[in-house]
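Participant: Dropping the structure in here first, questions after.
The values are calculated or read from the model by the stated rules, or taken from the named source; none is laboratory data. A quick note: this is a predicted structure, and the numbers were derived from the prediction, not measured. Cβ sites come from the backbone with ideal geometry, for glycine too, and all protein chains shown count toward neighbours.
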Amino acid sequence: MRKNLVLFLSVLCLSCNEEEGPSGNDTPAKIDTPVKVLPPITHYTVPDNSPMDMVYFPGDYPLLKMAEKTSSPPLMRIIYSRPQKQNRKIFNGLIKYDVPWRLGANESTEIEFFSVATIQNKTIKPGRYILYCIPQETKWSLVFNSNLYSWGLQQNQQKDLLKFEVPVEKNSGVIEYFTIAIEKRSDKNAEVIFLWDDVKARLPVSF
């Protein structure tokens, strides 16, 4: 009788331990699950070789607006893409003389005026324009065109609006990325500066 009671208690304890789990707590047992590996996604994650950039006049306009220090629109904005030199001959090489060039890469370069602008004594109404170039060794012809939202080197010359000639200067160094900058001369006057390789051109603009 006594042996039977001991046997019964032993079986009961063993049964309780099995229900509680190996550690005697409520932690669930680890279950191995297969890891799902997704295929590589590259078609929209690869960086563009010619990144898009945007410049303003005044240059700090976005910061002023974010800080609520201005409620007026900027005077001018340029949107363009920035190709790289990559050890190539740029002018009269990659960029042919006397052939229209989009002043960048990818979509056509756009310039937007928010106020009436004056360039070389010609008046430009507020609005958005394509800005492209016909380069030569000693001068560039900069053309304002109304064919917005276009891609590549194809320009509709029937939509040309204004053309300006500017001299070409030589840089002391080599610029790897094509760059458009806006240099302030006064609150209402600026120069749009184009730089690439060892070449520089300037377009004065006033408002």
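Participant: Checking residue 172 against (1) more than 24 Å from residue 49 (Cβ to Cβ); (2) of a type in the set (Gly, Ala, Ser); (3) surrounded by 14 or more Cβ atoms within 10 Å (Cβ to Cβ), only one condition comes out false. Which one?
Facilitator: (3)
Participant: Still on this model: What are the residues in region 183-198 that are buried (at least 20 other Cβ atoms within 10 Å of the Cβ) and aliphatic (A, V, I, L, M), if any?
Facilitator: If the condition is that a residue be buried (at least 20 other Cβ atoms within 10 Å of the Cβ) and aliphatic (A, V, I, L, M), then 190, 192 are the ones that fit.
Participant: How about region 133-169: which of its residues are surrounded by fewer than 14 Cβ atoms within 10 Å (Cβ to Cβ), in a loop (DSSP other than H, G, I, E, B) and of a type outside the set (A, V, I, L, M)?
Facilitator: 137, 138, 146, 149, 152, 154, 156
Participant: Would you be able to tell me the number of residues in region 67-89 that are in contact (Cβ under 8 Å) with a residue 24 or more places away in the chain, hydrophobic (A, V, I, L, M, F, W, C) and over 20 Å from residue 152 (Cα atoms)?
Facilitator: 2
Participant: So, residue 108, is that one in contact with a Lys or Arg (Cβ under 9 Å, 6 or more places away or on another chain), small (Gly, Ala, Ser) and farther than 21 Å from residue 75 by Cβ or not?
Facilitator: Answer is yes for this residue.
Participant: Now for a different question. Give the number of residues within region 55-90 that are assigned to a helix (DSSP H, G or I) and among the hydrophobic types (A, V, I, L, M, F, W, C).
Facilitator: Number of matching residues: 3.
Participant: Could you tell me whether residue 93 is at pLDDT 95 or above and assigned to a loop (DSSP other than H, G, I, E, B)?
Facilitator: Criteria met by residue 93.
Participant: For region 104-127, state whether one or more residues are farther than 20 Å from residue 56 by Cβ, among the hydrophobic types (A, V, I, L, M, F, W, C), surrounded by fewer than 18 Cβ atoms within 10 Å (Cβ to Cβ) and modelled with pLDDT of 95 or more.
Facilitator: no
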